[in-house]
Amino acid sequence: MEDNKSGRDLSEFQKDLLNDLKKSIKTYDRNMAARTVDKIIENKMDPMVAMNAMTETIRIIGEGFEKGEYFLPDLAGAADAMNGALPPLEKKIKENGRKVENQGKIVIGTVLGDIHDIGKTMVSTLLKAAGFTVFDIGIDIKAEVFVNALKEHDADILAMSALLTTTAPEMEKVISLIKEENLRDKIKIIIGGGAINQEFADKIGADGYDPTAPGAAKLAKKLIGK
Amino acid sequence: MQKGFIRKIKPLVVLSEEQVTLIHKSTLEVLKETGLKILNERALKLLDKNDCNVDYNSKIVRFPPEIVEECLAKAPSNYKVKARIEKHDVEIGGDRVYFRLFAGMETVDLNTWETRTPTRKEYYDYLTVVDALPNLHMVGCYPYFGYKGLPENMKIPEGIAAKARNTTKIQLQCFTKGSHAYTAKMMPELGCEAIGVSHCAAPLTYYRDSIDAMFTYINSGFPIYICSGSVAGGSAPSTIAGSSVTNNAELVGGVVIAQLIKPGVRTMVGDFVFPANMSTGAPLFGDIGAALHLAAYSQVWKKYGIPTAVSVSGLTNSKLSDYQCGYEKAIPTMIAALAGINVIDFHGGLTGELSAHPVQAILDDDVAGMIGRFIEGVDVSEETLAVDLIKEVGPIPGNFLTKEHTRKWWRKEQYTTRIADRITYPEWLKNGKKSALDNAKEKYEEILSNHKPVTLNREQDKAIENILEELNEFYKQS
């Protein structure tokens, strides 16, 4: 592991900084995470070491969630703290000419005519916690807006939400447009929401469906094969 | 008119007077400072004209407290709603309690407990059972969310027609993509009323269709049912007090709009707030926290003097008619009845809103009867005290079984179950070891064989069909 290897070369002070970073994620302290990352950059530590420390902490919390030791607010809090620390870290990694490793890029939104936000936001949070780069484009989203976002972000996965039985058919329109734009082969499509079931997902040609938010994150990982 | 049940005991108190006032004041503060997002131009103009603070760009409306108080005072505390036949009329408000059918998306196989889309016959049969059950007084938005072969947009309208055709009990009328403009014409054709539905999307948002439906239903002369559903810890604060404030602001805002559309319009509010299941993100159906929430809500709205309904009461996370289903449905429903809720959604649902079955509704009807009996309380009079009779019978060998007083009173005092297994053990063995579920299945067959709802005459049925055709045409054009 890169962080362990690099970890052997760290001073006590630098080790303390990494421990502070891990603690900030574990205690859902966004400000502490941001402050610690600033110090890490000031001390010219390898930003990848910090990134790996955060990812490792999130992974531990994710495993705790699976065991029923942590719950959704914990995952959301950890993801929020990590998001507080990510921008300066990613900037630094790019400055160093390296690529930010992630699970993949996901565009997520609630379909046209449907303004239900919470389920989509929950899935979005868990996807971030699972290591994906997530572009949450909001609610009441037209097919063209979904497609433009997929192109703009060069996304790997599209995640669509619909709570209502009357708005669910909108998903089929989005998939049709994706096919028209010749994007279908490079994008995996996952769907969810109160109105959705596996039968519907199969009917409209989605790649996956899961009834729960944690299930959606697992599904995304499975589909992208990382 | 349907009597329902009259609550003769004091409503359950879970909040102090001071706590009720705090929730009310916090509601006014949220409405005044944060406001509601109202995605409907017509409503924005109406609210603007009536001195609310409207931001047309963000669609946020901030409500001055004095306008809120005025509108709350205009809503009637008690009113009648006319059914297709007089015996199914209802009078909503005060101490009266009615039970209402809750929905399930699909039907469920009673052997495998797997769900599937119902057929039209199954949908219609369910409504025959609804019509027959004595403790089920009103029909909700749907028994199921449509049936096999229906286009998506026609599921709700065809459901409204099915309810009109198969039961004379009063129905809630939901809507989809402008359907309300057509379905609101159905009940006047039948000489009766429905209750129109408008719902808020938590947190603090009304979308266009919902407010359009409110205008249509109120202008068609219907009473209006304003409900809001949220998940505490998701679309509402995780605390019971905090989720009471957001839910209250959503409902009060809706009442303000309704009373501005037509002052004095018959109004009922609905609470649909659950805690979040923090392992899955789904609503925690059947949770005791939901019951505590609804009890607090009831107390606040008693203060406003506006009739209340709840939907959280009849829901269970259980996938089958088992012990968990029984306690998750019965406990919050009992609490709702004790808390003084006027209309309680209860019958039929399983697995949250995912499935429903008429056999479950038959089981639930027995529980509704038990709860109804409890809230009617204890009748203490010279006759029920029976002191003269006690003196007459005296100690053993005296007994009360043969007395006229017993024949007159026992049925009034006891609730006689239609479904629960109450036979002796030897009889149970002899009769094939039947459970309450088996008894309910038999009752289901019996109802379908014997019960005949008052159907529509040919002209009425044609009128309903014409409205459906017009709507179908509208969807094809649009």
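Since every read-out is calculated from the coordinates, none of them should be taken as a lab result. Please read all numbers here as calculations on a predicted model, not as lab measurements. So basically every Cβ, Gly included, is an ideal-geometry build from the backbone, and we count neighbours across all protein chains shown.
Taking segment B:141-177 as the range and being away from chain A (no Cβ under 14 Å) and in contact (Cβ under 8 Å) with a residue 60 or more places away in the chain as the test, the residues that pass are B:Pro143, B:Ala161, B:Ala164, B:Arg165, B:Asn166, B:Thr167, B:Thr168, B:Lys169, B:Ile170, B:Leu172.
A single entry from A:Lys128, A:Lys221, A:Lys186, A:Lys179 fulfils the requirement of being farther than 30 Å from B:Pro157 by Cα and touching a strand residue (DSSP E or B) at 6+ places or on another chain (Cβ under 7 Å): A:Lys128. Looking at segment B:1-94, the helices (runs of 4 or more DSSP H) lying wholly inside it that each contain 2 or more residues that are touching a strand residue (DSSP E or B) at 6+ places or on another chain (Cβ under 9 Å) and over 29 Å from B:Leu172 (Cα atoms) sit at B:17-33. Screening B:Val273 with (1) within 14 Å of chain A (Cβ to nearest Cβ); (2) assigned to a loop (DSSP other than H, G, I, E, B); (3) closer than 19 Å to B:Leu15 by Cα gives one miss only, at (2). Checking each residue in segment B:300-327 for being of a type outside the set (A, V, I, L, M, F, W, C) and buried (at least 22 other Cβ atoms within 10 Å of the Cβ) picks out B:Pro307, B:Thr308, B:Ser311, B:Ser313, B:Gly314, B:Thr316, B:Ser321. Within this structure, B:Leu12 fails the test of being more than 24 Å from the chain's Cα centre (by Cα) and aliphatic (A, V, I, L, M).
Residues are listed down the side, and each one gets a yes or a no for (1) buried (at least 22 other Cβ atoms within 10 Å of the Cβ); (2) over 23 Å from the mean Cα position of the chain (by Cα); (3) touching a residue at least 12 places away in the same chain (Cβ under 8 Å); (4) more than 9 Å from every other protein chain (Cβ to nearest Cβ):
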{"site": "A:Ser161", "(1), (2), (3), (4)": "yes, no, yes, yes"}
{"site": "A:Thr166", "(1), (2), (3), (4)": "no, yes, yes, no"}
{"site": "A:Glu172", "(1), (2), (3), (4)": "no, yes, yes, yes"}
{"site": "A:Leu177", "(1), (2), (3), (4)": "no, yes, yes, yes"}
{"site": "A:Gly192", "(1), (2), (3), (4)": "yes, no, yes, yes"}
{"site": "A:Ile196", "(1), (2), (3), (4)": "yes, no, yes, yes"}
{"site": "A:Ala201", "(1), (2), (3), (4)": "no, no, no, yes"}
{"site": "A:Gly208", "(1), (2), (3), (4)": "no, no, yes, yes"}
{"site": "A:Gly215", "(1), (2), (3), (4)": "no, no, no, no"}
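Residues checked against (1) away from chain A (no Cβ under 14 Å); (2) touching a residue at least 60 places away in the same chain (Cβ under 8 Å); (3) farther than 17 Å from A:Ala195 by Cβ:
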position: B:Tyr98; (1), (2), (3): yes, yes, yes
position: B:Phe102; (1), (2), (3): yes, yes, yes
position: B:Val139; (1), (2), (3): yes, no, yes
position: B:Ser179; (1), (2), (3): no, yes, no
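Of the residues making up segment B:207-230, those that are under 14 Å from B:Ile38 (Cβ atoms), at the interface with another protein chain (Cβ under 10 Å from one of its Cβ atoms) and not in a helix (DSSP H, G or I) number 1.
Free of Cβ contacts under 8 Å to residues at least 24 places away in the same chain, more than 14 Å from chain B (Cβ to nearest Cβ) and over 27 Å from B:Phe274 (Cβ atoms): which single residue out of A:Lys99, A:Lys92, A:Lys105 fits that description?
Values: A:Lys92 fails: free of Cβ contacts under 8 Å to residues at least 24 places away in the same chain; A:Lys105 fails: free of Cβ contacts under 8 Å to residues at least 24 places away in the same chain.
After ruling out the rest, the residue left standing is A:Lys99.
For segment B:236-285, a residue qualifies if it is surrounded by fewer than 20 Cβ atoms within 10 Å (Cβ to Cβ), out of contact with any Pro (no Cβ under 8 Å at 6 or more places or on another chain) and not aliphatic (A, V, I, L, M), and the qualifying residues are B:Pro237, B:Thr239, B:Gly242, B:Lys262, B:Pro263.
Within segment B:106-117, identify whether any single residue is over 21 Å from B:Cys192 (Cβ atoms) and of a type in the set (Phe, Trp, Tyr), and answer yes or no. Yes, segment B:106-117 contains a residue that is over 21 Å from B:Cys192 (Cβ atoms) and of a type in the set (Phe, Trp, Tyr).
Residue selection: A:Asp114 satisfies the criterion of being buried (at least 23 other Cβ atoms within 10 Å of the Cβ) and either of a type in the set (D, E, K, R) or facing another protein chain (nearest Cβ under 9 Å) (or both).
If you go through segment A:35-44 one residue at a time, how many are surrounded by fewer than 20 Cβ atoms within 10 Å (Cβ to Cβ) and out of contact with any Phe, Trp or Tyr (no Cβ under 8 Å at 6 or more places or on another chain)?
Matching residues across segment A:35-44 total 6.
Scanning segment A:60-100 for residues that are of a type in the set (S, T, N, Q) and under 16 Å from the mean Cα position of the chain (by Cα) returns a single hit, A:Asn83.
Only one of the numbered conditions (1) more than 14 Å from chain B (Cβ to nearest Cβ); (2) touching a Leu at 6+ places or on another chain (Cβ under 7 Å); (3) in contact (Cβ under 8 Å) with a residue 60 or more places away in the chain is not met by A:Asp156, and that is (2). Among residues of segment B:451-478 that are over 18 Å from B:Phe175 (Cβ atoms), those with a beta-carbon under 8 Å from a residue that is hydrophobic (A, V, I, L, M, F, W, C) and part of a loop (DSSP other than H, G, I, E, B) at least six positions away or on a different chain give the pairs B:Val454/B:Ile85.
For segment A:180-190, filtered to residues that are surrounded by fewer than 18 Cβ atoms within 10 Å (Cβ to Cβ) and of a type in the set (Lys, Arg), the residue that is farthest from the other protein chains (Cβ to nearest Cβ) is A:Lys186.
Going by the conditions given, is B:Ser243 within 14 Å of another protein chain (Cβ to nearest Cβ), in contact (Cβ under 8 Å) with a residue 24 or more places away in the chain and not charged (D, E, K, R)? Yes.
Identification of helices (runs of 4 or more DSSP H) wholly contained in segment B:370-478 with 2 or more residues that are farther than 30 Å from B:Ala184 by Cβ and within 29 Å of the chain's Cα centre (by Cα) yields B:404-413, B:436-450.
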